[in-house]
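Each remark here refers to the structure printed beneath this line.
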Amino acid sequence: MALKAIFFDVDGTLADTEQQGHLPAYNAAFQELGLTWRWSAELYRDELLLLPGGRERIRYYILRHHPPLGSYKAEADRDLGAWVNSVHAAKSRWFRRRLESGQVTLRPGVRRLITEAKNQGIRLAIVTNASERSLKPFLNHTLGRELRDAIDFVVSGEQVEHKKPSPDLYLRAMGLMELTPAACVAVEDSAMGLCAAAGAGLRTLITINSDTQFHDFGAATAVVDTLGEPDRPWQILRGPLNGHRWASPDALSALLCG
């Protein structure tokens, strides 16, 4: 069957939002609030990114690592969920500032692949655990109007009961497009995202990054280092992509036959 749709994850896939955006935004928020916390790249990669969202990461860190809460202890003890929401809101403001100032950039090959796919009539969706509210600044400032307008659907975390690694988001995306897995390819960067896509029956292209390079990608159809460019070809780590030097509609179509 011909390729009819590509589903893109966001964080780590379209852009290195974790290292360029989210992690520094968390630490800036902690400093703004007078907390002595500082998340290292190692802690973020090895523990916190295994959680499906920002609020879950903050809550996990409190319950697992017992950091000092300072003047917020009574407030957190009274209603931890509400206090976590306030910390996350501060983090979101800092993340938005980083997006608006151009500090979060698209990964190689993203702009070209979206443009080529749209020009060939292939439908596109963003499929992410992020909320629509937190995603909007990324769409406006990092993706930009031209690429944002090329996206047919945005399927975000609040639209389903269970986020990734559940397949719910991908099942919803296919339902909105009235397509079967045989006509679609997912592009992901992590084991969590792969679990969601594979659980929905999708062929999946993994584009690794520094946070996910050691994840188990055994269920992936193919694994590459980036989506690549004509002047900066990708490195194929595994999969039926011989003869293709960068991500293109033809290359992703090959995954449906691989």
### Task
Among the lysines, select those whose C-alpha is under 19 Å from the C-alpha of K4, and discard any that sit fewer than 8 residues away in the same chain.
K118
### Summary
Gyration tensor on Cα atoms of segment 169-258, a ≥ b ≥ c root eigenvalues, a/c under 1.5 rounded, else prolate if a/b beats b/c, else oblate, says oblate
### Query
What is the gain in length, in nm to one decimal, between F153 and L43 on full extension, counting 0.36 nm per residue of separation less the C-alpha to C-alpha distance?
36.3 nm
### Query
Which length gain, in nm to one decimal place, applies between K73 and E161 when the Cα-Cα distance is subtracted from 0.36 nm times their residue separation?
28.6 nm
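Any idea what the alpha-carbon Rg over 2.2 N^0.38 Å comes to for the chain?
Relative to the rule-of-thumb radius for its length, the chain sits at 1.02.
Gain in length, E56 to R245, computed as 0.36 nm per residue apart minus the alpha-carbon separation, to one decimal in nm? Mind showing how you got there, number by number?
Values: separation 189, 0.36 × 189 = 68.04 nm, distance 3.82 nm.
Difference between extended and current length: 64.2 nm.
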### Message
I'd like the Karplus ³J(HN,Hα) series for segment 120-127: coefficients 6.51, -1.76, 1.60, θ = phi - 60°, whole numbers in Hz, and an x wherever there's a Gly or Pro.
### Response
9, x, 7, 7, 10, 9, 9, 10
### Query
When the helix-only estimate is applied to the chain (DSSP H runs of n ≥ 4, each -39,500 (n - 2.57), divided by the residue count), what is the mean residue ellipticity at 222 nm, nearest 500 deg cm²/dmol?
-11500 deg cm²/dmol
### Summary
Long-range amide H partners of R123, meaning residues 5 or more apart or on another chain whose placed amide H is closer than 5 Å, are A5, I6
### Query
What are the GluC sites (Glu not before Pro) within segment 158-192 that DSSP puts in a loop, where the Cβ has at most 15 other Cβ atoms within 10 Å?
E161, E178
### Message
On alpha carbon coordinates alone, what is the Rg over Rh value for segment 29-131, Rh being the Kirkwood radius?
### Response
1.09
### Summary
The answer for trypsin sites (Lys or Arg not before Pro) in segment 38-71 that fall in a DSSP coil and have at most 11 neighbouring Cβ atoms within 10 Å is R38
### Query
Each residue of segment 59-76 in order: what ³J(HN,Hα) in whole Hz does its phi give by Karplus 6.51 cos²θ - 1.76 cosθ + 1.60, θ = phi - 60°, with x for Gly and Pro?
4, 4, 4, 5, 6, 8, 9, 6, x, x, 9, x, 5, 8, 4, 5, 5, 5
### Task
Give a residue-ordered list of calculated ³J(HN,Hα) values for segment 37-53 (Karplus: 6.51 cos²θ - 1.76 cosθ + 1.60, θ = phi - 60°; whole Hz; x for Gly, Pro).
5, 8, 8, 7, 4, 5, 4, 5, 5, 7, 10, 6, 6, 6, 8, x, x
### Task
Extending each Cα 7 Å along its Cβ direction at M1 and A89, get the distance between those two points in nm, one decimal.
4.4
### Summary
Among S92, S248, S210, the residue with the largest mean-square fluctuation in a Gaussian network model of the chain built from Cα contacts under 10 Å is S210
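Values in this text are rule-based calculations from the coordinates and carry no lab data. All of these numbers come straight from a predicted model, not from anything done at the bench. When we count neighbours, we look across all protein chains shown, and the Cβ atoms used for this are built from the backbone with ideal geometry, even at glycine.
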